[in-house]
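Okay, structure first, notes after.
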Amino acid sequence: MGQSASTALITSRRDSNRSSHRSKPKFTVPIIPMQVEEQTEFIICEGPDYISDLPDECLACIFQSLNSGDRKRCSLVCRRWLRIEGQSRHRLSLNAQSDLLPLVPFLFSRFDSVTKLALKCDRRSVSIGDEALVAISSRCRNLTRLKLRSCRELTDAGMAAFAKNCKALKKLSCGSCAFGAKGMNAILDNCASLEELSVKRLRGINDGAAAEPVGPGLAAASLKTICLKELYNGQCFGPLIIGSKNLKTLKLFRCSGDWDKLLQVISDRVTGMVEIHLERLQVSDTGLAAISNCLNLEILHLVKTPECTDMGLVSIAERCRLLRKLHVDGWKTNRIGDDGLSAVAKYCPNLQELVLIGVNPTKISVELLASNCQNLERLALCGSDTVGDAEISCIAAKCVALKKLCIKSCPVSDHGMEALANGCPNLVKVKVKKCRAVTCECADWLRTKRGSLAVNLDCGEPEHQDASVSDGGLLENVVEFHSVANQMPLPSIASSSTGRSTSFKSRLGLLMGKNLVACTFRRWSGGNSSSRG
């Protein structure tokens, strides 16, 4: 009671100093209010707060440069940052389980500028229904991209209501959903700006001739890409494909039915296509002859189409002379070989990328390709019984523009690899896998001989060649090249990031992944378009 105010303050500081060794130092409140104000002002006001002077637009640009985790942490700083972070987020991914419905108003009052939305549900969970989708669409009328995965509770009525609210939609991707042709037609009739459509395992489309046709609708005039995967009756999309006069890319993967007749009608009506993928499809040389009407065709993938032969490839080569990329998985049927490849060499001088899997070319066609296709930059030879030292030596001597070379499960030895030491002057990377006769000593010697050449050697046991196309349309399990191994797990309610952060995560994932030759070629193509040599 007899202590002065200053003595009490000093005593409290001494007590604080004594306890600093036992616990973290704590701020001791002094008795004198004037000193409290002075000390507090001294601690907080160390300098001007420049962040508060930044306009909301500048702060939003900063947030868009951050990854998803950093954005979430920034949103916890203050109410202003929370508001700006939500308003500047254009891409959002939600766990689309049934309990999402009561959270929709809160989520989309905060994220009110979303234009790209992904709704994904676990296959063992109950997905959102029509009510939730309609509620989302009423709050995201500027939506341009929508991805639906395993949303099995959505019906045709829900898709129709969504289509009326989101007429600016440009890209739709749906997989393992239960709505049918009526819901798809509602999208096509209302979304006149739709440019990309990807449909996989759409369970609501009936099998058989009684299936309701899909399209064309208003979207047919704007559609540029159509991708159909694993559909029992994918041919019901025939009216849509035929009516899409501006279609540039058509991808058909594992869709049942005979496609020859439909391809004939399509190629007569849609002649401007530049990219066609056919995988595990019932199509023959008749279908390939029909595709040859697409004179602007630049990219062709024929994956495990056993009825296609040299004759069909010749018809493509003779008329589609702008061909730049050709992928052929012959499935060890030996129906595509020297004759078809020789025609490609003769008529397609602009060829830049060639992938041959389960195909047995000889030196005859290899020499023609190497001599005539002077722009060939990327070459993959996998699972071939006829590509040996002579063929590799021919490639080394004549493929002047070649930059990337992949060889897998071929009878190549050190002698053939040694030819690369003085050939292919622009070669920057060689990948050799499961070629038993190629030794590590040869790879080391080649690295020493050509210091700028990256040589990747894997002498594993031969395995069954499988070049099936994945969801993204990439050839898998062909040659070991790093790619994204796993998708980022979705949080319980929402997981979102900017486009830049998503791609950044994907690039980090390249350090540990599956073996994808096509993924590598995609990176090669991107890099070579901006730099030469």
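The values are calculated or read from the model by the stated rules, or taken from the named source; none is laboratory data. Because the structure is predicted, anything quoted here is derived from the model rather than measured. Neighbour counts run over all protein chains shown; Cβ positions are idealised from the backbone, glycine included. Side chains are part of the model used for accessible areas, which takes the heavy atoms of the whole protein and leaves out ligands, DNA and RNA. Shrake-Rupley method; radii C 1.70, N 1.55, O 1.52, S 1.80 Å.
Determine whether region 202-223 contains at least one residue that is of a type in the set (D, E, K, R), in contact with a strand residue (DSSP E or B) (Cβ under 8 Å, 6 or more places away or on another chain) and open to solvent by 10 Å² or more (accessible area, probe 1.4 Å).
For region 202-223, residues of a type in the set (D, E, K, R), in contact with a strand residue (DSSP E or B) (Cβ under 8 Å, 6 or more places away or on another chain) and open to solvent by 10 Å² or more (accessible area, probe 1.4 Å): absent.
Taking the criterion of being assigned to a loop (DSSP other than H, G, I, E, B) and either open to solvent by 10 Å² or more (accessible area, probe 1.4 Å) or without any contact (Cβ under 8 Å) to a residue 12 or more places away in the chain (or both), the residues of region 424-452 that qualify are P425, N426, V428, K434, R436, A437, T439, R450, G451, S452.
For (1) surrounded by 24 or more Cβ atoms within 10 Å (Cβ to Cβ); (2) part of a loop (DSSP other than H, G, I, E, B); (3) in contact (Cβ under 8 Å) with a residue 60 or more places away in the chain, each residue gets a yes or a no:
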residue: E318; (1), (2), (3): no, no, no
residue: R321; (1), (2), (3): no, yes, no
residue: H327; (1), (2), (3): yes, no, yes
residue: K332; (1), (2), (3): no, yes, yes
residue: A343; (1), (2), (3): no, no, no
residue: N360; (1), (2), (3): no, yes, no
residue: D385; (1), (2), (3): no, yes, no
residue: A397; (1), (2), (3): no, no, no
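Residue-wise test of (1) within 29 Å of H327 (Cα to Cα); (2) of a type in the set (A, V, I, L, M); (3) at pLDDT 95 or above.
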position: S193; (1), (2), (3): no, no, yes
position: G204; (1), (2), (3): no, no, no
position: G215; (1), (2), (3): no, no, no
position: D285; (1), (2), (3): yes, no, yes
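Checked against (1) assigned to a helix (DSSP H, G or I); (2) open to solvent by less than 30 Å² (accessible area, probe 1.4 Å), L146 meets all criteria but (1).
Table: residues versus (1) hydrophobic (A, V, I, L, M, F, W, C); (2) in contact (Cβ under 8 Å) with a residue 60 or more places away in the chain; (3) assigned to a strand (DSSP E or B); (4) open to solvent by 70 Å² or more (accessible area, probe 1.4 Å).
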position: L94; (1), (2), (3), (4): yes, yes, yes, no
position: L100; (1), (2), (3), (4): yes, yes, no, no
position: P105; (1), (2), (3), (4): no, no, no, no
position: F108; (1), (2), (3), (4): yes, no, no, no
position: D112; (1), (2), (3), (4): no, no, no, yes
position: L117; (1), (2), (3), (4): yes, no, yes, no
position: A132; (1), (2), (3), (4): yes, no, no, no
position: A135; (1), (2), (3), (4): yes, no, no, no
position: N142; (1), (2), (3), (4): no, no, no, yes
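Count of region 233-258 residues, restricted to those that are over 12 Å from P216 (Cα atoms), open to solvent by 20 Å² or more (accessible area, probe 1.4 Å) and not in a loop (DSSP other than H, G, I, E, B), is 3.
Where in region 32-84 are there helices (runs of 4 or more DSSP H), lying wholly inside it, with at least 1 residues that are under 18 Å from R110 (Cα atoms), within 30 Å of the chain's Cα centre (by Cα) and at pLDDT 85 or above?
On the way: elements: 33-44, 56-64, 68-74.
Filter on region 32-84 gives 56-64, 68-74.
Residues of region 277-316 that are part of a helix (DSSP H, G or I) and touching a Phe, Trp or Tyr at 6+ places or on another chain (Cβ under 7 Å): G287 alone.
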